[in-house]
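Here's the structure we're looking at; comments come further down.
What follows draws every value from the coordinates through simple rules; no lab data is involved. Remember, it's a predicted structure, so these values are computed and weren't measured experimentally. Every residue, glycine among them, receives a Cβ derived from its backbone with ideal geometry; neighbour counts consider all protein chains shown.
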Amino acid sequence: MNKSYVEQYSKIGMETGVASADPHRLILMLLEGAIASTAFAKNEMQRGHLAAKGEAISKAINIIGELDLSLNMDVGGEIAENLRRLYDYMSLQLVDANLHDDEKKLDQVVQILTELKAGWVGITDEVRKTAQAQNLECAKETVSYGAV
């Protein structure tokens with residue numbers, strides 16, 4: 001009974017985090033979720049829990065599908081195309097890992113997702129720095145305009 005309260009609280013916390021997150025944070029959350037689900041699938045595979053392994057792999061595939069849906073193919077150009085191919089590749093690796101209990105394929109997907117996450121964190125940091133610099137410049141202009 002106590003466990004269900006903890007699960008409900010965690011779910012509310014996650015929903016609140018999603019509702020208040022900016023688009024960069026949402027992508028980061030999806031990447032983190034895909035990594036966690038894939039790692040959980042490996043653990044369940046090692047324990048011989050086929051149903052839990054399958055559910056975790058399905059969850060990871062669904063998250064990767066959401067990442068794919070978030071791509072703006074009109075604006076993203078070659079980068080979006082490459083990400084789409086990478087998402088397709090990871091989904092196929094996950095399906096194959098599920099069918100053949102292949103831990104190496106799960107490890108490969110986690111490695112790719114981890115590298116994407118690191119890149120995304122770098123992009124997010126750069127976007128924040130640029131936005132802060134623009135806000136600072138705007139504030140300076142406002143102050144100098146008001147001083148005239």
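Assorted remarks:
- Neighbour counting of Cβ atoms within 10 Å sorts the residues Lys105, Lys117, fewest neighbours leading, into Lys117, Lys105.
- Taking the number of Cβ atoms within 10 Å of each Cβ as an exposure proxy, the fewest-first ranking of Met90, Met73 is Met73, Met90.
- Under 12 Å from the Cα of Lys53 - aspartates and glutamates, other chains or at least 8 residues apart: Glu44, Asp101, Asp102, Glu103
- Sequence-separation-based contact order of segment 49-103, relative, with Cα cut under 8 Å and 6+ spacing, percent: 41 percent
- Legend: ranking of residues Thr38, Thr130, Thr114 from fewest to most surrounding C-beta atoms inside 10 Å; resulting order Thr130, Thr114, Thr38.
- Computed from the C-beta positions of Thr124 and Asp102, the FRET efficiency with R₀ = 30 Å rounds to 0.40.
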